[in-house]
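Undergrad: Handing you this structure, nothing more for now.
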Amino acid sequence: RLVAVGQRGHIVVSDDGGGSWQQAKVPVSADLTAVFFASARKGWAVGHDGVILATTDGGLNWTLQLDGRQANERLVAHLQQRVQAQPEAAELKALLGEAERFKAQGPDKPFLGVWFADESNGWVVGAYNLIFRTRDGGASWQPWFDRTDNPKLLNLYAIAPAGDSVYVVGESGLVLRLDADAQRFVAKPTPYKGSFFGVAGNASTVLAVGLRGNAYAADAAGNDWQKLEVGL
């Protein structure tokens, strides 16, 4: 089965290699930006207005798991708890201020990438450092806004695995690698200063691709980034 997502909440599926398409039942009209399936039946789609959708029937029917209003509320509540526990932490106070500003602006921040390790564990990433994690298939989503080396709150465009880790890429050459022990996405310096829009990897290599055909590769630990020659 092929599943595609797009503008105004449209999701379509094909079971004949794209020869014909069927429109899925979707509860939102927001533009959708990414889709990922952890199995043949269970998948997630994300998009504008902070929406996260889920399907359990291979993409024919979708339910709303999170929207921008809920995401803002959870983000503010999470950081309020962190600040109460660590009132001297200036960085947490600054992040709380940003989260409160997001909430005041309304539910307009998009999610731009989604990836699941299995049917339970996954992440979504988006504009201005938005990142949420689930351990229960999306029944609940926890903010990771304060668990990234991204002080400028650059946009996060994509997330994918490489080797035994997970990578996020974004604006200004930003590459983040999951430190499983610290439970934090740690920045990996790259020589590129443009936006990375995609990331992929295997047991030995991670590949980040961006504007104007720029592509860079490193080892699976995110070290020694080298520019690749791309024929355009």
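The values are calculated or read from the model by the stated rules, or taken from the named source; none is laboratory data. What you are looking at is a predicted structure, and each value in this text was computed from that prediction instead of being measured. Note: ideal-geometry Cβ built from the backbone for every residue, glycine included; neighbour counts use all protein chains shown. Quick note on the areas: whole protein, heavy atoms, side chains included, nothing else; ligands and nucleic acids left out. Shrake-Rupley method; radii C 1.70, N 1.55, O 1.52, S 1.80 Å.
Undergrad: Picking from VAL35, VAL13, which residue would you name as being more than 24 Å from LYS109 (Cα to Cα), in contact (Cβ under 8 Å) with a residue 24 or more places away in the chain and in a strand (DSSP E or B)?
TA: Unique residue meeting the criteria: VAL13.
Undergrad: Applying the selection to region 138-161, what residues are among the hydroxyl-bearing types (Ser, Thr, Tyr) and crowded, with 18+ Cβ neighbours inside 10 Å?
TA: THR148, TYR157
Undergrad: Any idea how many residues of region 106-137 are surrounded by fewer than 22 Cβ atoms within 10 Å (Cβ to Cβ) and either under 15 Å from ARG74 (Cα atoms) or modelled with pLDDT under 95 (or both)?
TA: Selection size over region 106-137: 6.
Undergrad: Being within 19 Å of TYR157 (Cβ to Cβ) and either assigned to a helix (DSSP H, G or I) or modelled with pLDDT of 95 or more (or both): is that true of ALA30 here?
TA: When the stated conditions are applied, ALA30 passes them.
Undergrad: Output the residues belonging to region 55-81 that are touching a residue at least 60 places away in the same chain (Cβ under 8 Å) and either more than 21 Å from SER140 (Cβ to Cβ) or open to solvent by 70 Å² or more (accessible area, probe 1.4 Å) (or both).
TA: Listed by number, the list holds a single entry, ARG74.
Undergrad: Which members of region 162-185 meet the condition of being open to solvent by 50 Å² or more (accessible area, probe 1.4 Å) and not polar (S, T, N, Q)?
TA: ASP164, GLU171, ARG177, ASP179, ALA180, ASP181, ALA182, ARG184 - these are the residues of region 162-185 that are open to solvent by 50 Å² or more (accessible area, probe 1.4 Å) and not polar (S, T, N, Q).
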